[in-house]
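Here's the structure we're looking at; comments come further down.
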Amino acid sequence: MNQQEGWYCVSCEEFKDERELLPGKRCPIHASKEVEWRDEENYFFRLSRYQDQLLALYQERPDFIAPESRRNEVLSFVNSGLQDFSISRVNLEWGLPVPFDPSHTIYVWFDALLGYVTALLDPDSDPTLENAVSKWWPVDLHLIGKDILRFHAVYWPAMLMSAGLPVPGRVFAHGFLTKDGKKMGKTEGNSLNPVELVNKYGADAVRYYFLKEIEFGQDGDFNETRFINTLNAELANDLGNLLNRTLNMARKYCGGCVPNVSGENISGDNVLKAMSLNLGDRVAGFYEELAFSKACEAVLALVRAGNKFIDVQAPWSLYKQGQHETVGQVLYSVLESVRIASYLLSPIIPNISSAIYQQLGFSIDFNDRVTVNSLTNFATHSVWGALPANQTLGEAQPVFKRLELLETVPS
Ligand SMILES: [Zn+2]
């Protein structure tokens, strides 16, 4: 038991250092709220004892905290010296009573972090620590908001160390969103409703915009005009139109089938084949790092090269010149590039990827995990040449309809 006094934000449920407060004793995260002075006797966790072990962990596993900027924040916080923190509260009716002292309840953050382990218990097994950690602990990743990084990257690993349990694989802190450059809030009346956004534009569009346009881990902004312009430019034009015009040419010049060409027989000098060579592994690496924006950019580069390629090669004039074999190679190269692009983006735009695959003559639904695992394994589909020669193509239809900005009438 120890005396705990200091400035406390009820919304964060956290004591704040005086120097991090905004003018008027307001919380840096809840700027409209004043912090309260608290002075009470609490039970403590001896965090100070784990400073060296924590620093050793961050050093041995440089990717334990990401992104880099957040890691540096935590390093400087821990390096500046760790204070023991109180893990109980008095005068709280709700909360779990401390077993040996029911006049105290367990501090909500101590409790919440333990939830990562207690939640792993099978409903049928005895509620023991041994059972809780027997199957799924340690987890690979804690994906959290940047405002609760300290709990996950400092307090939680220390608590686990004190219990002799392994720490999680990684802690990744994501950023905050603003709308039209302004902080969102109920009082400002400018909050963004994700369900409405999905109903209006579809889940693929919403996922693509946020993962592509905002570097994951950084703060980002939502603006509806930019949202629409990005999706129209990249999904409707770059990707959708490329597929559409190529399919129409395949219909005209190759009888509605994939040209009679095998991926292997396309020359290594072919710019699309060369770009596709290591693309799958690169993109998979970006996904592993949670660098979604880089994954999209890498795929988009192939799509843009596909558009340029078809303009430069001009299969319509090659056909007129009677160079039918070259026409087949050009069309195959572009269709295969679109296929690889849609495969690699399928975790983000599964509906569009499914539509593309169907138009290429496959019957695969990327929303159906079981089918995906059995029909499209990564080793085959992420590389050049998986599009079978002479496969009958589906009907060409826009895979992503251009969006229009609908002005909402102020109510
Ligand atoms: Zn707060």
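Observations
- Residue in the stretch 213-222 that is within 15 Å of residue 352 (Cα to Cα) and in a helix (DSSP H, G or I) present: no
- Residue tally, condition of a type in the set (Gly, Ala, Ser) and more than 19 Å from the chain's Cα centre (by Cα), over the stretch 257-307: 9
- When we screen 77, 15 for residues that are more than 16 Å from the ligand (Cβ to nearest atom), in contact (Cβ under 8 Å) with a residue 40 or more places away in the chain and either part of a helix (DSSP H, G or I) or surrounded by 11 or more Cβ atoms within 10 Å (Cβ to Cβ) (or both), the only hit is 77.
- In the set 52, 63, only one residue is part of a loop (DSSP other than H, G, I, E, B) and either surrounded by fewer than 19 Cβ atoms within 10 Å (Cβ to Cβ) or in contact with a Phe, Trp or Tyr (Cβ under 8 Å, 6 or more places away or on another chain) (or both); that residue is 63.
- Unmet requirement for residue 66, which otherwise passes all of (1) closer than 28 Å to residue 217 by Cβ; (2) more than 16 Å from the ligand (Cβ to nearest atom); (3) outside the structural domain of residue 102 (by TED's automatic domain parsing): (3)
- Scanning the stretch 69-95 for residues that are aliphatic (A, V, I, L, M) and either touching a strand residue (DSSP E or B) at 6+ places or on another chain (Cβ under 6 Å) or not assigned by TED's automatic domain parsing to the domain that holds residue 162 (or both) gives 74, 87, 90, 92.
- The requirement of being assigned to a helix (DSSP H, G or I) and either more than 10 Å from the ligand (Cβ to nearest atom) or surrounded by fewer than 16 Cβ atoms within 10 Å (Cβ to Cβ) (or both) is not satisfied by residue 38.
- Residues in the stretch 23-35 that are free of Cβ contacts under 8 Å to residues at least 60 places away in the same chain and either in contact with an Asp or Glu (Cβ under 6 Å, 6 or more places away or on another chain) or in a helix (DSSP H, G or I) (or both): 3 in all.
- Just one of the listed residues (139, 195, 117) is touching a residue at least 40 places away in the same chain (Cβ under 8 Å) and either in a helix (DSSP H, G or I) or within 27 Å of the chain's Cα centre (by Cα) (or both), and it is 117.
- Hits in the stretch 1-12 - residues which are part of a strand (DSSP E or B) and away from the ligand (no atom under 16 Å from the Cβ): 2, 3, 4, 5
- Boolean, residue 48 is modelled with pLDDT of 95 or more and either under 21 Å from residue 17 (Cβ atoms) or in contact with a Ser or Thr (Cβ under 6 Å, 6 or more places away or on another chain) (or both): yes
- Counted as qualifying within the stretch 237-351 are the helices (runs of 4 or more DSSP H) with 3 or more residues that are without any contact (Cβ under 8 Å) to a residue 24 or more places away in the chain, namely 279-288, 292-313, 315-320, 324-345.
- Number of residues in the stretch 306-336 that are surrounded by fewer than 18 Cβ atoms within 10 Å (Cβ to Cβ) and of a type in the set (A, V, I, L, M, F, W, C): the value is 3.
- Taken over the stretch 18-28, the criterion of being under 21 Å from residue 83 (Cα atoms) and near the ligand (Cβ under 9 Å from one of its atoms) is satisfied by 27, 28.
- Taking the criterion of being farther than 20 Å from residue 64 by Cα and within 16 Å of the ligand (Cβ to nearest atom), no residue of the stretch 122-159 qualifies.
The values are calculated or read from the model by the stated rules, or taken from the named source; none is laboratory data. These numbers were taken from a predicted model, which means no experiment stands behind them. No Cβ is skipped: glycine too gets one built from the backbone with ideal geometry, and neighbour counts run over all protein chains shown.
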